[in-house]
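Novice: Below are the C-alpha coordinates for one structure; questions will follow.
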Ligand SMILES: Cc1ncc(COP(=O)(O)O)c(C=O)c1O
(Lines give C-alpha, C1' and ligand atoms only; values in the text may rest on other atoms or scores of the structure.)
Protein backbone atom coordinates (compact mmCIF):
# COMPACT_ATOMS: atom_id res chain seq x y z
CA UNK A 1 0.00 0.00 0.00
CA UNK A 2 2.92 2.31 0.67
CA UNK A 3 3.41 2.89 -3.04
CA UNK A 4 -0.10 4.22 -3.56
CA UNK A 5 -0.63 5.88 -0.17
CA UNK A 6 -0.13 9.48 -1.29
CA UNK A 7 -2.30 9.11 -4.39
CA UNK A 8 -5.00 7.32 -2.43
CA UNK A 9 -5.04 10.03 0.23
CA UNK A 10 -5.37 12.67 -2.48
CA UNK A 11 -8.18 10.78 -4.25
CA UNK A 12 -10.13 10.42 -1.01
CA UNK A 13 -9.60 14.02 -0.11
CA UNK A 14 -10.77 15.14 -3.59
CA UNK A 15 -13.92 13.10 -3.17
CA UNK A 16 -14.60 14.61 0.25
CA UNK A 17 -14.04 18.10 -1.14
CA UNK A 18 -16.77 17.48 -3.74
CA UNK A 19 -19.31 16.68 -0.98
CA UNK A 20 -19.46 13.21 -2.50
CA UNK A 21 -17.91 11.22 0.26
CA UNK A 22 -19.90 8.08 1.04
CA UNK A 23 -19.72 6.00 4.19
CA UNK A 24 -21.36 2.79 5.33
CA UNK A 25 -24.15 3.17 7.84
CA UNK A 26 -24.85 0.39 10.31
CA UNK A 27 -28.53 -0.09 11.00
CA UNK A 28 -29.25 -1.69 14.35
CA UNK A 29 -32.85 -2.42 13.46
CA UNK A 30 -34.34 -1.92 10.01
CA UNK A 31 -37.72 -2.59 8.44
CA UNK A 32 -39.59 -1.25 5.42
CA UNK A 33 -41.11 1.41 7.70
CA UNK A 34 -38.47 2.26 10.29
CA UNK A 35 -34.73 2.33 10.76
CA UNK A 36 -32.58 2.72 13.84
CA UNK A 37 -28.86 3.20 14.21
CA UNK A 38 -26.60 4.47 16.98
CA UNK A 39 -27.90 8.01 16.42
CA UNK A 40 -31.60 7.21 16.96
CA UNK A 41 -34.80 5.88 15.33
CA UNK A 42 -36.35 7.19 12.15
CA UNK A 43 -39.15 6.60 9.68
CA UNK A 44 -37.50 4.87 6.74
CA UNK A 45 -38.13 6.44 3.32
CA UNK A 46 -35.03 4.94 1.68
CA UNK A 47 -35.90 1.26 1.50
CA UNK A 48 -36.81 -0.67 -1.66
CA UNK A 49 -38.91 -3.11 0.37
CA UNK A 50 -42.01 -1.68 -1.31
CA UNK A 51 -44.44 -4.22 0.12
CA UNK A 52 -42.71 -4.96 3.44
CA UNK A 53 -42.15 -8.61 2.51
CA UNK A 54 -38.65 -8.72 4.03
CA UNK A 55 -40.34 -9.17 7.42
CA UNK A 56 -43.36 -11.22 6.37
CA UNK A 57 -43.85 -14.27 8.64
CA UNK A 58 -44.27 -16.68 5.68
CA UNK A 59 -41.04 -15.48 4.09
CA UNK A 60 -39.15 -15.74 7.38
CA UNK A 61 -40.57 -19.21 8.05
CA UNK A 62 -39.60 -20.46 4.58
CA UNK A 63 -36.08 -19.11 5.08
CA UNK A 64 -35.66 -20.75 8.50
CA UNK A 65 -37.13 -24.06 7.43
CA UNK A 66 -34.87 -24.31 4.40
CA UNK A 67 -31.80 -23.33 6.42
CA UNK A 68 -32.47 -26.34 8.59
CA UNK A 69 -32.76 -28.65 5.58
CA UNK A 70 -30.13 -27.22 3.25
CA UNK A 71 -27.67 -25.37 5.52
CA UNK A 72 -26.60 -21.76 5.53
CA UNK A 73 -24.64 -21.74 2.30
CA UNK A 74 -24.87 -23.32 -1.14
CA UNK A 75 -21.29 -24.64 -1.04
CA UNK A 76 -20.44 -24.12 -4.72
CA UNK A 77 -21.38 -22.39 -7.94
CA UNK A 78 -24.68 -23.31 -9.59
CA UNK A 79 -22.89 -25.45 -12.17
CA UNK A 80 -20.98 -27.46 -9.58
CA UNK A 81 -23.15 -28.46 -6.59
CA UNK A 82 -24.63 -25.11 -5.52
CA UNK A 83 -27.98 -25.49 -7.32
CA UNK A 84 -30.53 -27.35 -5.21
CA UNK A 85 -34.24 -28.18 -5.18
CA UNK A 86 -35.38 -24.71 -3.90
CA UNK A 87 -33.43 -23.02 -6.73
CA UNK A 88 -35.04 -25.27 -9.35
CA UNK A 89 -38.46 -24.76 -7.77
CA UNK A 90 -38.11 -20.97 -7.80
CA UNK A 91 -36.93 -20.94 -11.39
CA UNK A 92 -39.91 -23.06 -12.53
CA UNK A 93 -42.35 -21.04 -10.40
CA UNK A 94 -41.25 -17.80 -12.07
CA UNK A 95 -41.10 -19.27 -15.58
CA UNK A 96 -44.67 -20.50 -15.27
CA UNK A 97 -45.97 -17.27 -13.74
CA UNK A 98 -44.30 -14.96 -16.26
CA UNK A 99 -44.77 -17.32 -19.23
CA UNK A 100 -41.09 -17.46 -20.02
CA UNK A 101 -39.24 -20.54 -21.27
CA UNK A 102 -36.47 -20.18 -18.70
CA UNK A 103 -35.70 -18.12 -15.63
CA UNK A 104 -32.03 -18.20 -14.75
CA UNK A 105 -31.17 -17.32 -11.16
CA UNK A 106 -28.31 -14.89 -10.56
CA UNK A 107 -26.65 -13.67 -7.36
CA UNK A 108 -27.66 -10.02 -7.73
CA UNK A 109 -29.28 -7.63 -10.15
CA UNK A 110 -25.87 -6.15 -10.79
CA UNK A 111 -24.47 -9.57 -11.75
CA UNK A 112 -27.57 -10.38 -13.84
CA UNK A 113 -27.40 -7.18 -15.88
CA UNK A 114 -23.65 -7.09 -16.22
CA UNK A 115 -23.40 -10.79 -17.03
CA UNK A 116 -26.29 -10.84 -19.47
CA UNK A 117 -25.11 -7.77 -21.38
CA UNK A 118 -21.44 -8.75 -21.62
CA UNK A 119 -22.37 -12.28 -22.69
CA UNK A 120 -25.10 -11.44 -25.20
CA UNK A 121 -23.79 -8.14 -26.62
CA UNK A 122 -21.30 -9.73 -29.04
CA UNK A 123 -24.28 -11.15 -30.98
CA UNK A 124 -25.31 -7.59 -31.84
CA UNK A 125 -23.73 -4.91 -34.04
CA UNK A 126 -24.79 -2.16 -31.67
CA UNK A 127 -26.35 -1.50 -28.30
CA UNK A 128 -28.91 1.29 -28.06
CA UNK A 129 -29.60 2.44 -24.53
CA UNK A 130 -31.66 4.97 -22.65
CA UNK A 131 -29.34 7.58 -21.15
CA UNK A 132 -30.45 6.86 -17.56
CA UNK A 133 -30.05 3.08 -17.33
CA UNK A 134 -28.51 1.54 -14.21
CA UNK A 135 -24.74 1.34 -13.62
CA UNK A 136 -24.80 -2.46 -13.98
CA UNK A 137 -26.10 -2.20 -17.55
CA UNK A 138 -23.70 0.63 -18.35
CA UNK A 139 -20.75 -1.38 -17.09
CA UNK A 140 -21.92 -4.45 -19.03
CA UNK A 141 -22.11 -2.33 -22.17
CA UNK A 142 -18.65 -0.84 -21.58
CA UNK A 143 -17.07 -4.19 -20.89
CA UNK A 144 -18.68 -5.78 -23.94
CA UNK A 145 -16.91 -3.24 -26.19
CA UNK A 146 -19.85 -3.37 -28.61
CA UNK A 147 -20.72 -0.03 -30.25
CA UNK A 148 -23.07 2.05 -28.07
CA UNK A 149 -25.70 4.59 -29.08
CA UNK A 150 -27.49 6.39 -26.25
CA UNK A 151 -30.88 8.02 -26.68
CA UNK A 152 -32.28 10.85 -24.57
CA UNK A 153 -34.24 9.57 -21.60
CA UNK A 154 -37.60 8.08 -22.70
CA UNK A 155 -37.40 10.10 -25.94
CA UNK A 156 -38.88 8.07 -28.78
CA UNK A 157 -37.97 10.59 -31.49
CA UNK A 158 -34.34 10.43 -30.39
CA UNK A 159 -34.42 6.61 -30.25
CA UNK A 160 -35.70 6.52 -33.83
CA UNK A 161 -33.01 8.94 -34.93
CA UNK A 162 -30.28 6.76 -33.32
CA UNK A 163 -31.70 3.65 -35.00
CA UNK A 164 -31.67 5.42 -38.37
CA UNK A 165 -28.16 6.85 -37.90
CA UNK A 166 -26.45 3.49 -38.13
CA UNK A 167 -27.28 0.07 -39.44
CA UNK A 168 -27.01 -3.45 -38.08
CA UNK A 169 -28.70 -5.63 -35.52
CA UNK A 170 -29.29 -3.89 -32.23
CA UNK A 171 -30.16 -4.59 -28.62
CA UNK A 172 -32.22 -1.78 -27.07
CA UNK A 173 -31.79 -1.48 -23.30
CA UNK A 174 -34.03 0.26 -20.81
CA UNK A 175 -35.44 0.04 -17.27
CA UNK A 176 -39.12 -0.45 -16.52
CA UNK A 177 -39.17 1.94 -13.54
CA UNK A 178 -36.11 4.18 -13.43
CA UNK A 179 -34.41 3.66 -10.10
CA UNK A 180 -33.45 7.25 -9.34
CA UNK A 181 -36.37 9.07 -11.01
CA UNK A 182 -39.27 6.70 -10.50
CA UNK A 183 -40.70 7.31 -13.95
CA UNK A 184 -41.49 4.46 -16.31
CA UNK A 185 -40.06 3.53 -19.68
CA UNK A 186 -42.58 3.61 -22.54
CA UNK A 187 -42.01 -0.07 -23.33
CA UNK A 188 -45.11 -0.32 -25.54
CA UNK A 189 -44.05 2.79 -27.47
CA UNK A 190 -40.55 1.33 -27.99
CA UNK A 191 -42.06 -1.88 -29.38
CA UNK A 192 -44.45 0.08 -31.64
CA UNK A 193 -41.58 2.21 -32.87
CA UNK A 194 -39.57 -0.89 -33.77
CA UNK A 195 -42.56 -2.40 -35.58
CA UNK A 196 -43.70 0.74 -37.37
CA UNK A 197 -40.25 1.55 -38.70
CA UNK A 198 -39.26 -1.87 -39.92
CA UNK A 199 -36.79 -2.73 -37.15
CA UNK A 200 -38.66 -5.77 -35.83
CA UNK A 201 -36.19 -8.20 -37.44
CA UNK A 202 -33.17 -6.14 -36.44
CA UNK A 203 -33.77 -5.11 -32.84
CA UNK A 204 -34.31 -6.98 -29.57
CA UNK A 205 -35.34 -5.37 -26.31
CA UNK A 206 -33.83 -5.92 -22.86
CA UNK A 207 -35.73 -4.48 -19.89
CA UNK A 208 -34.43 -4.27 -16.33
CA UNK A 209 -37.56 -4.70 -14.21
CA UNK A 210 -35.74 -4.28 -10.88
CA UNK A 211 -38.23 -1.74 -9.52
CA UNK A 212 -41.34 -3.00 -11.33
CA UNK A 213 -41.39 -6.71 -10.56
CA UNK A 214 -43.83 -7.39 -7.71
CA UNK A 215 -45.51 -3.99 -7.77
CA UNK A 216 -46.49 -3.09 -11.34
CA UNK A 217 -48.33 -4.82 -14.19
CA UNK A 218 -51.09 -7.40 -13.94
CA UNK A 219 -50.94 -9.17 -10.54
CA UNK A 220 -47.60 -7.54 -9.84
CA UNK A 221 -45.92 -9.52 -12.60
CA UNK A 222 -44.30 -6.34 -13.87
CA UNK A 223 -43.02 -6.21 -17.43
CA UNK A 224 -43.25 -10.01 -17.61
CA UNK A 225 -47.02 -9.74 -17.26
CA UNK A 226 -47.45 -6.89 -19.68
CA UNK A 227 -45.18 -8.09 -22.46
CA UNK A 228 -44.52 -11.49 -24.00
CA UNK A 229 -41.18 -13.20 -24.23
CA UNK A 230 -41.16 -12.45 -27.98
CA UNK A 231 -41.55 -8.74 -27.21
CA UNK A 232 -39.01 -8.64 -24.36
CA UNK A 233 -36.66 -11.60 -24.80
CA UNK A 234 -34.25 -10.40 -22.10
CA UNK A 235 -35.89 -9.45 -18.81
CA UNK A 236 -34.10 -8.79 -15.52
CA UNK A 237 -35.95 -9.46 -12.26
CA UNK A 238 -34.48 -8.56 -8.90
CA UNK A 239 -35.44 -10.09 -5.57
CA UNK A 240 -33.98 -7.43 -3.27
CA UNK A 241 -36.70 -4.85 -3.84
CA UNK A 242 -40.44 -5.64 -3.81
CA UNK A 243 -39.69 -9.33 -3.20
CA UNK A 244 -37.91 -8.33 0.00
CA UNK A 245 -35.04 -10.81 -0.11
CA UNK A 246 -31.97 -10.57 -2.42
CA UNK A 247 -30.73 -12.06 -5.70
CA UNK A 248 -32.00 -11.75 -9.24
CA UNK A 249 -32.88 -13.59 -12.42
CA UNK A 250 -32.87 -13.34 -16.19
CA UNK A 251 -36.17 -14.43 -17.75
CA UNK A 252 -35.57 -15.46 -21.33
CA UNK A 253 -35.76 -18.11 -24.03
CA UNK A 254 -34.35 -21.61 -23.50
CA UNK A 255 -31.76 -21.01 -26.18
CA UNK A 256 -30.46 -17.80 -24.59
CA UNK A 257 -30.55 -19.40 -21.12
CA UNK A 258 -28.51 -22.35 -22.38
CA UNK A 259 -25.97 -19.97 -23.85
CA UNK A 260 -25.76 -17.97 -20.62
CA UNK A 261 -25.28 -21.14 -18.57
CA UNK A 262 -22.31 -21.97 -20.75
CA UNK A 263 -20.79 -18.52 -21.14
CA UNK A 264 -21.95 -16.03 -18.51
CA UNK A 265 -18.99 -15.54 -16.18
CA UNK A 266 -21.09 -14.11 -13.31
CA UNK A 267 -23.09 -17.33 -13.29
CA UNK A 268 -20.27 -19.78 -13.84
CA UNK A 269 -17.59 -18.37 -11.55
CA UNK A 270 -19.59 -17.40 -8.48
CA UNK A 271 -21.03 -19.32 -5.52
CA UNK A 272 -24.80 -19.77 -5.92
CA UNK A 273 -27.01 -17.94 -3.44
CA UNK A 274 -28.17 -20.19 -0.57
CA UNK A 275 -31.07 -22.61 -1.08
CA UNK A 276 -32.75 -20.99 1.94
CA UNK A 277 -32.70 -17.67 0.09
CA UNK A 278 -34.38 -19.36 -2.89
CA UNK A 279 -37.05 -20.79 -0.57
CA UNK A 280 -37.68 -17.35 0.95
CA UNK A 281 -37.97 -15.78 -2.52
CA UNK A 282 -40.45 -18.50 -3.55
CA UNK A 283 -42.56 -17.80 -0.45
CA UNK A 284 -42.50 -14.10 -1.26
CA UNK A 285 -43.48 -14.73 -4.90
CA UNK A 286 -46.36 -16.88 -3.66
CA UNK A 287 -47.56 -13.90 -1.59
CA UNK A 288 -47.25 -11.64 -4.63
CA UNK A 289 -49.41 -14.05 -6.61
CA UNK A 290 -52.22 -14.17 -4.02
CA UNK A 291 -54.74 -11.94 -2.31
CA UNK A 292 -52.23 -10.58 0.21
CA UNK A 293 -49.94 -9.37 -2.56
CA UNK A 294 -52.89 -7.64 -4.24
CA UNK A 295 -53.92 -5.91 -1.03
CA UNK A 296 -50.36 -4.77 -0.29
CA UNK A 297 -50.13 -3.32 -3.79
CA UNK A 298 -53.42 -1.46 -3.21
CA UNK A 299 -52.04 -0.07 0.05
CA UNK A 300 -48.88 1.05 -1.76
CA UNK A 301 -50.95 2.77 -4.48
CA UNK A 302 -52.99 4.53 -1.80
CA UNK A 303 -49.78 5.74 -0.18
CA UNK A 304 -48.44 6.99 -3.50
CA UNK A 305 -51.71 8.86 -4.16
CA UNK A 306 -51.72 10.34 -0.65
CA UNK A 307 -48.12 11.57 -0.90
CA UNK A 308 -48.75 13.20 -4.27
CA UNK A 309 -52.01 14.81 -3.23
CA UNK A 310 -50.65 16.19 0.05
CA UNK A 311 -47.40 17.38 -1.54
CA UNK A 312 -49.41 19.28 -4.15
CA UNK A 313 -51.63 20.78 -1.45
CA UNK A 314 -48.54 21.98 0.42
CA UNK A 315 -46.96 23.21 -2.80
CA UNK A 316 -43.89 21.05 -2.27
CA UNK A 317 -41.56 20.65 -5.26
CA UNK A 318 -42.15 16.91 -5.60
CA UNK A 319 -41.36 15.42 -9.00
CA UNK A 320 -44.40 13.18 -8.83
CA UNK A 321 -44.55 9.78 -10.52
CA UNK A 322 -47.04 6.93 -10.37
CA UNK A 323 -44.56 4.60 -8.68
CA UNK A 324 -43.17 4.10 -5.18
CA UNK A 325 -40.16 6.26 -6.11
CA UNK A 326 -40.71 10.02 -5.85
CA UNK A 327 -38.03 12.68 -6.01
CA UNK A 328 -37.37 16.20 -4.80
CA UNK A 329 -34.81 17.76 -7.11
CA UNK A 330 -32.34 19.91 -5.19
CA UNK A 331 -29.54 20.61 -7.68
CA UNK A 332 -26.33 20.87 -5.72
CA UNK A 333 -24.82 18.10 -3.63
CA UNK A 334 -24.53 20.46 -0.66
CA UNK A 335 -28.22 21.35 -0.75
CA UNK A 336 -29.28 17.70 -1.02
CA UNK A 337 -27.09 16.78 1.95
CA UNK A 338 -28.39 19.71 3.95
CA UNK A 339 -32.08 18.88 3.39
CA UNK A 340 -31.48 15.18 4.06
CA UNK A 341 -29.74 16.03 7.33
CA UNK A 342 -32.57 18.38 8.39
CA UNK A 343 -35.04 15.61 7.73
CA UNK A 344 -32.93 13.32 9.91
CA UNK A 345 -33.19 15.85 12.74
CA UNK A 346 -36.96 15.49 12.46
CA UNK A 347 -36.97 11.70 12.56
CA UNK A 348 -37.07 11.04 8.81
CA UNK A 349 -34.48 8.93 6.99
CA UNK A 350 -34.34 9.94 3.33
CA UNK A 351 -30.92 9.59 1.75
CA UNK A 352 -29.55 12.32 -0.52
CA UNK A 353 -28.69 10.93 -3.95
CA UNK A 354 -25.71 12.61 -5.56
CA UNK A 355 -23.62 12.24 -8.71
CA UNK A 356 -22.29 9.96 -10.08
CA UNK A 357 -25.47 8.01 -9.20
CA UNK A 358 -27.45 10.83 -10.88
CA UNK A 359 -26.25 13.35 -13.50
CA UNK A 360 -24.20 16.39 -12.46
CA UNK A 361 -26.28 19.19 -10.94
CA UNK A 362 -29.22 16.86 -10.28
CA UNK A 363 -28.66 15.84 -6.67
CA UNK A 364 -31.97 14.96 -5.06
CA UNK A 365 -33.92 13.31 -2.33
CA UNK A 366 -35.24 9.94 -3.42
CA UNK A 367 -38.36 9.13 -1.43
CA UNK A 368 -39.19 5.42 -1.50
CA UNK A 369 -42.67 4.52 -0.28
CA UNK A 370 -43.77 1.21 1.14
CA UNK A 371 -47.14 -0.39 1.81
CA UNK A 372 -45.94 -0.49 5.43
CA UNK A 373 -46.10 3.31 5.79
CA UNK A 374 -49.20 4.70 7.45
CA UNK A 375 -50.97 7.91 6.45
CA UNK A 376 -49.48 9.49 9.60
CA UNK A 377 -45.97 8.49 8.50
CA UNK A 378 -46.50 10.19 5.15
CA UNK A 379 -47.91 13.32 6.74
CA UNK A 380 -44.94 13.42 9.11
CA UNK A 381 -42.58 13.15 6.13
CA UNK A 382 -44.32 16.00 4.33
CA UNK A 383 -44.35 18.32 7.35
CA UNK A 384 -40.65 17.65 7.91
CA UNK A 385 -39.93 18.19 4.24
CA UNK A 386 -41.76 21.50 4.23
CA UNK A 387 -39.70 22.73 7.19
CA UNK A 388 -36.44 21.38 5.83
CA UNK A 389 -36.90 23.07 2.48
CA UNK A 390 -37.84 26.40 4.06
CA UNK A 391 -34.90 26.86 6.38
C1 LIG B 1 -32.49 -0.56 -11.88
C2 LIG B 1 -31.62 -1.45 -11.09
N3 LIG B 1 -31.08 -2.51 -11.69
C4 LIG B 1 -30.27 -3.35 -11.03
C5 LIG B 1 -29.96 -3.16 -9.71
C6 LIG B 1 -29.05 -4.09 -9.00
O7 LIG B 1 -29.77 -5.00 -8.28
P8 LIG B 1 -29.12 -5.72 -7.01
O9 LIG B 1 -29.26 -4.76 -5.88
O10 LIG B 1 -29.89 -6.98 -6.86
O11 LIG B 1 -27.67 -5.95 -7.35
C12 LIG B 1 -30.53 -2.08 -9.03
C13 LIG B 1 -30.30 -1.89 -7.57
O14 LIG B 1 -29.59 -1.29 -7.01
C15 LIG B 1 -31.35 -1.19 -9.73
O16 LIG B 1 -31.87 -0.11 -9.13
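Novice: Of the conditions (1) in contact (Cβ under 8 Å) with a residue 40 or more places away in the chain; (2) touching a strand residue (DSSP E or B) at 6+ places or on another chain (Cβ under 9 Å), residue 375 clears all except one; give me its number.
Specialist: So the condition that residue 375 fails would be (2).
Novice: Okay, moving on. Sort through 120, 156 and tell me the only one that's in contact with a strand residue (DSSP E or B) (Cβ under 9 Å, 6 or more places away or on another chain), more than 16 Å from the ligand (Cβ to nearest atom) and at pLDDT 95 or above. Step through it out loud before you land on a result.
Specialist: On the way: 156 fails: in contact with a strand residue (DSSP E or B) (Cβ under 9 Å, 6 or more places away or on another chain).
It is 120.
Novice: Six or more apart or on different chains, Cβ under 8 Å: which pairs go from a residue in the range 169-192 that's farther than 17 Å from residue 217 by Cα to one that's within 11 Å of the ligand (Cβ to nearest atom) and in a helix (DSSP H, G or I)? Could you list them?
Specialist: Listed by first residue and then by second, the contacts come to 173/137.
Novice: Which condition number in (1) crowded, with 19+ Cβ neighbours inside 10 Å; (2) assigned to a helix (DSSP H, G or I) is the one that residue 174 fails?
Specialist: Tallying (1) crowded, with 19+ Cβ neighbours inside 10 Å; (2) assigned to a helix (DSSP H, G or I), residue 174 fails exactly one: (2).
Novice: Based on this model, can you work out whether residue 215 counts as within 15 Å of the ligand (Cβ to nearest atom) and in the same structural domain as residue 71 (by TED's automatic domain parsing)? Talk me through it step by step, then tell me what you get.
Specialist: Values: within 15 Å of the ligand (Cβ to nearest atom): yes; in the same structural domain as residue 71 (by TED's automatic domain parsing): yes.
Here the answer is yes, as residue 215 does meet what is asked.
Novice: Out of 181, 208, report the one residue that is over 27 Å from residue 103 (Cβ atoms), within 12 Å of the ligand (Cβ to nearest atom), within 16 Å of the chain's Cα centre (by Cα) and buried (at least 22 other Cβ atoms within 10 Å of the Cβ).
Specialist: 181
Novice: Which of the residues belonging to the range 291-331 are in contact (Cβ under 8 Å) with a residue 40 or more places away in the chain, touching a strand residue (DSSP E or B) at 6+ places or on another chain (Cβ under 7 Å), farther than 14 Å from residue 386 by Cα and surrounded by fewer than 17 Cβ atoms within 10 Å (Cβ to Cβ)?
Specialist: Once the filter is applied, which keeps residues that are in contact (Cβ under 8 Å) with a residue 40 or more places away in the chain, touching a strand residue (DSSP E or B) at 6+ places or on another chain (Cβ under 7 Å), farther than 14 Å from residue 386 by Cα and surrounded by fewer than 17 Cβ atoms within 10 Å (Cβ to Cβ), the range 291-331 yields only 319.
Novice: A further question follows. Quick check: is even one residue across the range 189-205 closer than 20 Å to residue 248 by Cα, at pLDDT 95 or above and either in contact with a strand residue (DSSP E or B) (Cβ under 6 Å, 6 or more places away or on another chain) or in a loop (DSSP other than H, G, I, E, B) (or both)?
Specialist: Yes; the residues of the range 189-205 include at least one that is closer than 20 Å to residue 248 by Cα, at pLDDT 95 or above and either in contact with a strand residue (DSSP E or B) (Cβ under 6 Å, 6 or more places away or on another chain) or in a loop (DSSP other than H, G, I, E, B) (or both).
Novice: Report every pair of residues separated by at least 6 positions or lying on different chains whose Cβ atoms are under 9 Å apart, first residue within the range 111-126 and not assigned by TED's automatic domain parsing to the domain that holds residue 166 and surrounded by fewer than 24 Cβ atoms within 10 Å (Cβ to Cβ), second at pLDDT below 95 and in a helix (DSSP H, G or I).
Specialist: none
Novice: May I ask you to list the residues in the range 362-391 that are in a loop (DSSP other than H, G, I, E, B), surrounded by fewer than 16 Cβ atoms within 10 Å (Cβ to Cβ) and at pLDDT 95 or above?
Specialist: 374, the sole residue that qualifies.
Novice: Can I ask one more? Which count do you get for residues in the range 127-145 that are surrounded by 21 or more Cβ atoms within 10 Å (Cβ to Cβ), away from the ligand (no atom under 16 Å from the Cβ) and not in a strand (DSSP E or B)?
Specialist: Looking only at that region, the number is 0.
The values are calculated or read from the model by the stated rules, or taken from the named source; none is laboratory data. These figures come from a predicted structure and were not determined experimentally. Positions of Cβ are backbone-derived with ideal geometry, glycine not excepted, and every protein chain shown enters the neighbour counts.
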